[in-house]
Amino acid sequence: MSELSFEQMLEESFKTIRNGEVVEGTVIDVKPDEIILNIGYKSDGIITRNEYTNEPNVDLTTVVSVGDTMESKVLKVNDGEGQVLLTYKRLAAERGSKRLEEAFNAQEVLTAKVVQVLEGGLSVVVDETRIFIPASLVSDTYEKDLGKYKDQEIEFVITEFNPRRRRIIGDRKQLLMAAKEELQRELFARINVGDVLEGTVKNVTDFGAFIDLGGADGLLHISEMSWGRVENPKKVFKVGDVVKVFIKDINERKIALSMKFEDENPWKDAAEKYAVGTVIKGIVARMTDFGAFVELAPGVDALLHVSQISKEHVEKPADVLKIGQEIEAKIVDFNEEEKKISLSLKAMLAPADEPAAEEVTESAEDAADEPAVEEE
């Protein structure tokens, strides 16, 4: 039997490895762009940055330390320079693919960071495996700018898994909808007509505002925003405002809201405040051909009929009055049931220049007592 040389004995002391084999090694050196492993082979193993992760420009010294133990897969036993070329990310992707398949089958909720914002959606990575979340499945509402999700961690489920076609699709929308439905169920289980709630203005339109009540939106119609007159909701509310409202009506899944709280009702004690004969100040709010509406208080308007503006003939209220003008008038009619008040300026004027009957008699008597004046 021939004796083995030292080199042959050393050669045989090392294990044999093949392309595609999974090996375990210890980090003996790490640079920003490569990791060197002792894998128990005659040559060290090298993992380049590109074979460690899909994330660009990662400094490997920040993620791996000397002495760490890690598994990798052999790409080439000899890279041409006598070293073994290894890959970490491909092994992780293979294992990640299996992990994602299990998550897909179980409809497990996954969490991952958004690594890329694409024109049509978001890209996340789980165990070095990319998952695409289409823009239509990112949120339960339309998202104009997906850029806000960059580097954020988001939750999603996998709804399509086809690694052969490199097609793995995630869905965040259904999680948001499920959470919203649960909040909605909880909200409708505890609210009743008349309840006072705090909500956040979600959207403002010409006819009202939609208020997020924490599970469902309620409509605050323009007519329910104030006891006074609201011309334009957008001048009163803005998105994000926190408001106090009460539930006026619940119809299946529709909630009608109001801010016209009864303790602030301007018609409370109105019979006393606006009794017939009371002289009161008000602001001309709007005008028609037949008269002017005068705001006595927010939510309380009175009609000053054109015939009650002056003792002289007035063709149109606008000929005499202006919007925003403060006037003082007398209340000549009050109908609490119909919430109607009538005013008169004419009743405020002094009697006509015709003297009263007594004054006329006295004047005549005085004139008779005076001596006549002779003409020269």
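Some points to look at:
- Flag for Gly299 being on the phi > 0 side of the Ramachandran plot and open to solvent by less than 30 Å² (accessible area, probe 1.4 Å): yes
- Meets criteria (open to solvent by less than 60 Å² (accessible area, probe 1.4 Å), on the phi < 0 side of the Ramachandran plot and modelled with pLDDT of 90 or more) for Phe132: no
- Screening the range 142-172 for residues that are of a type in the set (Ser, Thr, Tyr) and either over 21 Å from Ala103 (Cα atoms) or in a helix (DSSP H, G or I) (or both) and picking the one that is most open to solvent (accessible area, probe 1.4 Å) gives Tyr142.
- Residue list for the range 200-213, restricted to those being within 11 Å of the chain's Cα centre (by Cα) and closer than 14 Å to Leu183 by Cα: Asp212
- Residue within the range 321-335 that is in contact (Cβ under 8 Å) with a residue 60 or more places away in the chain and either crowded, with 18+ Cβ neighbours inside 10 Å or over 30 Å from Asp212 (Cβ atoms) (or both) present: yes
- Counted residues, the range 77-88 - those being more than 11 Å from Glu24 (Cα to Cα) and assigned to a strand (DSSP E or B): 3
- Subset of the range 201-213 [surrounded by 15 or more Cβ atoms within 10 Å (Cβ to Cβ) and either among the hydroxyl-bearing types (Ser, Thr, Tyr) or in a loop (DSSP other than H, G, I, E, B) (or both)]: Leu213
- Those residues of the range 32-64 which are outside any loop (DSSP other than H, G, I, E, B), of a type outside the set (Asp, Glu), under 15 Å from Thr87 (Cβ atoms) and open to solvent by 40 Å² or more (accessible area, probe 1.4 Å), in sequence order: Thr48, Arg49, Asn50
- All positions within the range 63-110 that are hydroxyl-bearing (Ser, Thr, Tyr) and under 15 Å from Ile158 (Cβ atoms): Ser97
- Of all the listed residues (Asp241, Asp249, Asp269), the sole one being acidic (Asp, Glu), more than 26 Å from Arg185 (Cβ to Cβ) and touching a residue at least 40 places away in the same chain (Cβ under 8 Å) is Asp241.
- Gly96 being in contact with a Ser or Thr (Cβ under 6 Å, 6 or more places away or on another chain), open to solvent by less than 70 Å² (accessible area, probe 1.4 Å) and in a loop (DSSP other than H, G, I, E, B): no
- Subset of the range 77-93 [over 14 Å from Ile36 (Cβ atoms) and surrounded by 12 or more Cβ atoms within 10 Å (Cβ to Cβ)]: Val77, Thr87, Lys89, Arg90, Leu91, Ala92, Ala93
- Boolean, Val74 is in a loop (DSSP other than H, G, I, E, B), open to solvent by less than 70 Å² (accessible area, probe 1.4 Å) and either modelled with pLDDT of 95 or more or within 25 Å of Val126 (Cβ to Cβ) (or both): no
- Under the condition of being surrounded by fewer than 16 Cβ atoms within 10 Å (Cβ to Cβ) and at pLDDT below 90, the residues counted in the range 114-129 number 1.
The values are calculated or read from the model by the stated rules, or taken from the named source; none is laboratory data. All figures in this text were calculated on a predicted structure; none of them were measured in a lab. Here Cβ is always computed from backbone atoms with ideal geometry, including for glycine, and neighbour counts include all displayed protein chains. All accessible areas refer to the heavy atoms of the entire protein, side chains included, with ligands and DNA or RNA removed. Shrake-Rupley method; radii C 1.70, N 1.55, O 1.52, S 1.80 Å.
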